[in-house]
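The values are calculated or read from the model by the stated rules, or taken from the named source; none is laboratory data. Please read these numbers as outputs of a predicted model, since none were measured by experiment. Virtual Cβ from ideal backbone geometry, glycine too; neighbours counted across all protein chains shown.
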Amino acid sequence: MSDQKSNFYSGLQQNLEQLREQGLYKPERVLASRQGSEVVSEDGRTLINMCANNYLGLSGQEWVAQASIDATEKYGYGLSSVRFICGTQTVHKQLEQAISKFLGTEDTILYAAAFDANGGVFEPLFDENDAIISDALNHASIIDGIRLCKAARFRYAHNDMADLEQQLQAAADKRHKIIVTDGVFSMDGTIAQLDQIVALADKYGALVMIDECHASGFMGKTGRGTHEHHNVVGKIDIITGTLGKALGGAMGGFTSGRKEVIEMLRQKSRPYLFSNTLAPSIAGASLAVLERLSSSTELRDRLHENTAYFRKEIERLGFTIKPGTHPVVPVMLFDAPVAQKFAARMYELGVLLSGFFYPVVPMGQARVRVQLSAAHTREQLDTVLKAFEQAGRELGLLKN
Ligand SMILES: Cc1ncc(COP(=O)(O)O)c(C=O)c1O
């Protein structure tokens, strides 16, 4: 091997070693079962799963799997094409219509992932004459999407409406302005203040875009999302979201909004034009999921009951959580090594959850992040709470 090539590989080895030393290396946890409120690990251990984005508990469900099998039988395995050449089937059009109806928008375009939806939304719609005003903690895919666009970038301090207003003023001379925010921020379960954001957008003539990956299917009275939660349905210009979390859990994403926006994305959005069609199995299963969620709020209601129960009981045990109502519940341990030890002990006690520490969260804000699901039974939650109590006592963390 040439010296230059060998330097490249040894450089990578050093960087990987550095990640391990800094505690930033992300090993994969291998499951030997379906996704669910209970999973089986590679080594045969049964664990209660408290860290999936499986908010409505649909990922491992029989009827969802069957809907995907039915769609595969009818439409085949795949399309071997992008959408506009020969990759659009009736099931894709039906799913786009169903998402639009569910969200209260005019039209929807599907992508292979929400990462692609966010990556492909800005560049076709905005240019150097325009401004994108983005929350500082927006998802990586939004940040990447903005980088691919020539519009001027303005960043406002996370969830800070006074700073958002200042940025809107700073962008006053731009032709079009769009405020962009996660509907729900997944690290803290913080819900964006969409009522205030819409009011500011109206005042300064800006558009609003929200990423609903941690909201579609369960936020708001009937699960439509953060716009329903904040009573601003019909006032959001662009909604992006995923089919890979609450809405079934496989993969796939979408952008939804006014028909001329979606029409332009179909013409110009690069991840749509230059990437394969969403597999029909996923389109068919997602359609079945949306039909179910449109006819009943049972799963959404159970998720919120589980969330309220867990939030109340974990505080009663003496743990500190970030206040809120979202099924993401950050249990604050503050110290990084403590969070690591705690997650490891919980694993031994049969509970799967993840620890987060600097630089993923600010220094001194280490935590384990619990994510509730409609699939969790009360018995499972009680087992998890007992394990929290035991690990908390062993590590001397409990105030009570
Ligand atoms: C806020 C947010 N946006 C976008 C994505 C990307 O979603 P997908 O997995 O569909 O690419 C995620 C997933 O982690 C997310 O949390």
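Return the residue satisfying two criteria in turn: it lies in the stretch 38-58 and is more than 23 Å from Arg311 (Cβ to Cβ) and of a type in the set (Ser, Thr, Tyr), and of such residues it is modelled with the lowest pLDDT. Residue satisfying both the conditions and the ranking: Ser41. Counted as qualifying within the stretch 138-223 are the helices (runs of 4 or more DSSP H) with 2 or more residues that are within 15 Å of the ligand (Cβ to nearest atom), namely 140-147.
Of all residues in the stretch 90-137, those satisfying the criterion of being crowded, with 21+ Cβ neighbours inside 10 Å, within 13 Å of the ligand (Cβ to nearest atom) and over 19 Å from Ala192 (Cβ atoms) are Leu110, Tyr111, Phe115, Asp116, Gly119, Gly120. If you filter the stretch 239-275 down to residues that are in contact with a helix residue (DSSP H, G or I) (Cβ under 6 Å, 6 or more places away or on another chain) and not small (Gly, Ala, Ser), you find that the one that is nearest to Leu110 (Cα to Cα) is Phe254. Selection of the stretch 138-152 for residues being more than 17 Å from Gln167 (Cβ to Cβ) and surrounded by fewer than 18 Cβ atoms within 10 Å (Cβ to Cβ) yields Ala140, Asp144, Arg147, Leu148, Lys150. Every condition in (1) assigned to a loop (DSSP other than H, G, I, E, B); (2) farther than 22 Å from Gln61 by Cα is met by Ser373 except one, and the failing one is (2). Counting only residues that are on the phi < 0 side of the Ramachandran plot and away from the ligand (no atom under 13 Å from the Cβ), the stretch 224-256 holds 12 of them.
Just checking: which of the strands (runs of 3 or more DSSP E) contained wholly in the stretch 28-130 hold 1 or more residues that are of a type in the set (S, T, N, Q) and over 21 Å from Gly225 (Cβ atoms)? Let's see the steps before the verdict.
Numbers: elements: 38-40, 46-49, 107-111.
In the stretch 28-130, 46-49 are the strands (runs of 3 or more DSSP E) which contain 1 or more residues that are of a type in the set (S, T, N, Q) and over 21 Å from Gly225 (Cβ atoms).
Take Ser33 and decide whether it is within 26 Å of the chain's Cα centre (by Cα), away from the ligand (no atom under 16 Å from the Cβ), surrounded by 17 or more Cβ atoms within 10 Å (Cβ to Cβ) and within 30 Å of Thr377 (Cβ to Cβ). Taking the combined requirement at face value, the residue does not satisfy it.
Determine which member of the set Thr377, Thr325, Thr277, Thr307 is of a type in the set (S, T, N, Q), out of contact with any Asp or Glu (no Cβ under 6 Å at 6 or more places or on another chain) and within 30 Å of Gly120 (Cα to Cα). Let's see the steps before the verdict.
Values: Thr377 fails: within 30 Å of Gly120 (Cα to Cα); Thr325 fails: within 30 Å of Gly120 (Cα to Cα); Thr307 fails: within 30 Å of Gly120 (Cα to Cα).
Only one candidate passes the filter, namely Thr277.
Could you tell me whether Ile262 is more than 16 Å from the ligand (Cβ to nearest atom) and farther than 29 Å from Thr88 by Cα? Judged against the criteria, Ile262 is not a match.
Here's the yes/no breakdown for (1) part of a strand (DSSP E or B); (2) closer than 18 Å to Leu397 by Cα; (3) over 19 Å from the mean Cα position of the chain (by Cα):
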position	(1), (2), (3)
His304	no, no, no
Tyr309	no, no, yes
Glu315	no, yes, yes
Gly324	no, no, no
Met332	yes, yes, yes
